[in-house]
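Report on one structure; see the data block that follows.
The values are calculated or read from the model by the stated rules, or taken from the named source; none is laboratory data. This structure is a prediction, so every number in the text was calculated from the model and none was measured. Cβ coordinates were reconstructed from backbone atoms using ideal geometry, including for glycine residues, and neighbour counts include every protein chain displayed.
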Amino acid sequence: MNMRYLSVPTVLLSLAACQALPLESIERPATSNVPVQIASQSLHNITSPNISHSREFAVGSINRFMFTKWAGPDLPVWIYAPDNIDVHKAPILFVMHGTKRDPHRYIREWVEPARANGLIIIAPEFSKTDFPKSAGYNLGNVFRKEGKGLQDEAIWSFSAIEPIFDVVRRAVDSRQEKYSIYGHSAGSQFVHRFLYYKPNARAHQYLSANAGWYTVPDMTKSYPYGLKGAGVSEEMLKKALSKNVLILLGDKDNDPNHKSLRRTDEAMQQGPHRYARGLSYHMAGQKQADKYGVNYHWTIQIVPGVAHKNGQMAVAAASSVD
């Protein structure tokens, strides 16, 4: 593949901030031949788009750098910018990984959809060590334990998204003022809760695919299955209901015995499997929008023949990104 290069501005970059990941340790699907560039530097000190250029990221390759410009733990971040786009104008899409915390696989599965639809992909990595269990990642690290004591908002996993967007936008000299955010499985849970907790985020589109269970938009149901005790106000909920949300469901993601499907009583009330729970979530959103008199902008898309597969859901989602 002929690669063009994209200059990334850096200043006083800390080599210690990023440990280069050996290429052989990156999961490579047998069908993938996309090159990987491992950054040996951090983008922590990017402050201006006009500072000198000393590091290049390859357009057309998957790149990885260490993000440090926030209060939480350092985060590996994976970026893919196709070599057939204008990087200054291309839409920017965050891709949130699932419970295996494997953004390198997710971003590889997004390479072809990104090329076909002209998208820049950003895939941050929230490790099990730094963001343990569902509370640490897909529930946003909002509480020390589910419903037991608020964390400082600065270290919520949700709080990393906006500053990552700023760093990458400067790095690629993007003119985009907003971004879209997609998640599959646990990543889908991250996305639909990010919607509630970050009402002023610059995300203009939320794509939630095949979540295993939901925090439903209902102030009478207890957190984490509803918003009672979640620290989300009615005004925040109304704002969420009016935003551009696409719920993507594979119609074959209907295994009630799937090994990673949550089976608590509260989760089972949402439906016997992911497909049913997604339909239930959409209906709950419509009900609450009617209750509050809010213009409901959530939509649902059924993806025929697809089970719990991010790669296949990515193909369906990509054409909806704007």
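Identify the single condition in (1) over 14 Å from the mean Cα position of the chain (by Cα); (2) closer than 18 Å to LEU249 by Cα that VAL172 does not satisfy, given that it satisfies every other one.
Going through the list (1) over 14 Å from the mean Cα position of the chain (by Cα); (2) closer than 18 Å to LEU249 by Cα, VAL172 breaks only (2).
Of the residues SER157, SER127, SER134, which single one is among the hydroxyl-bearing types (Ser, Thr, Tyr) and buried (at least 23 other Cβ atoms within 10 Å of the Cβ)?
Criteria check complete, one pass: SER157.
Would it be correct to say that PHE165 is surrounded by 21 or more Cβ atoms within 10 Å (Cβ to Cβ), more than 26 Å from TYR281 (Cα to Cα) and at pLDDT 95 or above?
In short, yes.
Quick one: how many residues across segment 175-184 are over 16 Å from the mean Cα position of the chain (by Cα) and either not in a loop (DSSP other than H, G, I, E, B) or not acidic (Asp, Glu) (or both)?
Just the residues of segment 175-184 that are over 16 Å from the mean Cα position of the chain (by Cα), to begin with: 175-177.
Next, only the ones that are either not in a loop (DSSP other than H, G, I, E, B) or not acidic (Asp, Glu) (or both) stay: 175-176.
The total comes to 2.
Among the numbered conditions (1) in contact with a Lys or Arg (Cβ under 9 Å, 6 or more places away or on another chain); (2) touching a residue at least 24 places away in the same chain (Cβ under 8 Å), tell me where THR220 comes up short.
(2)
Is it the case, given these coordinates, that VAL168 is assigned to a strand (DSSP E or B) and not charged (D, E, K, R)? Full working, then the answer.
Numbers: assigned to a strand (DSSP E or B): no; not charged (D, E, K, R): yes.
Judged against the criteria, VAL168 is not a match.
With the structure loaded, tell me whether PRO103 is out of contact with any Phe, Trp or Tyr (no Cβ under 9 Å at 6 or more places or on another chain) and at pLDDT 95 or above or whether it fails that test.
When the stated conditions are applied, PRO103 does not pass them.
Could you say which residue among ASP218, ASP265 is touching a Leu at 6+ places or on another chain (Cβ under 8 Å) and surrounded by fewer than 20 Cβ atoms within 10 Å (Cβ to Cβ)?
ASP218
Tell me, yes or no, whether segment 180-194 has at least one residue that is surrounded by 15 or more Cβ atoms within 10 Å (Cβ to Cβ), at pLDDT below 95, in contact with a Pro (Cβ under 8 Å, 6 or more places away or on another chain) and small (Gly, Ala, Ser).
no
Report whether or not LEU227 is out of contact with any strand residue (DSSP E or B) (no Cβ under 9 Å at 6 or more places or on another chain) and modelled with pLDDT of 95 or more.
Yes; evaluated as a whole, the condition is true for this residue.
Could you grab me the full set of residues in segment 87-124 that are over 21 Å from GLY212 (Cα atoms), surrounded by fewer than 20 Cβ atoms within 10 Å (Cβ to Cβ) and of a type in the set (D, E, K, R)?
LYS89, GLU112, ARG115
Quick one: in segment 288-311, of everything that is touching a residue at least 40 places away in the same chain (Cβ under 8 Å) and in a helix (DSSP H, G or I), which residue is surrounded by the most Cβ atoms within 10 Å (Cβ to Cβ)?
ASN310
Quick test for you: out of ARG101, ARG115, pick the one residue that is touching a residue at least 12 places away in the same chain (Cβ under 8 Å) and assigned to a helix (DSSP H, G or I).
Every option except ARG115 fails the conditions.
When both residues are 6+ apart or on different chains and their Cβ atoms are under 7 Å apart, which pairs have a first residue that lies in segment 152-180 and is over 17 Å from LEU75 (Cβ atoms), and a second that is modelled with pLDDT under 95 and assigned to a helix (DSSP H, G or I)?
From residues that are over 17 Å from LEU75 (Cβ atoms), the pairs are GLN176/ARG169.
For (1) at positive phi; (2) touching a Gly at 6+ places or on another chain (Cβ under 9 Å), each residue gets a yes or a no:
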position: GLN269; (1), (2): no, no
position: TYR275; (1), (2): no, yes
position: GLY278; (1), (2): no, yes
position: HIS282; (1), (2): no, no
position: LYS287; (1), (2): no, no
position: ASP290; (1), (2): no, no
position: TYR296; (1), (2): no, yes
position: GLN301; (1), (2): no, no
position: GLY305; (1), (2): yes, yes
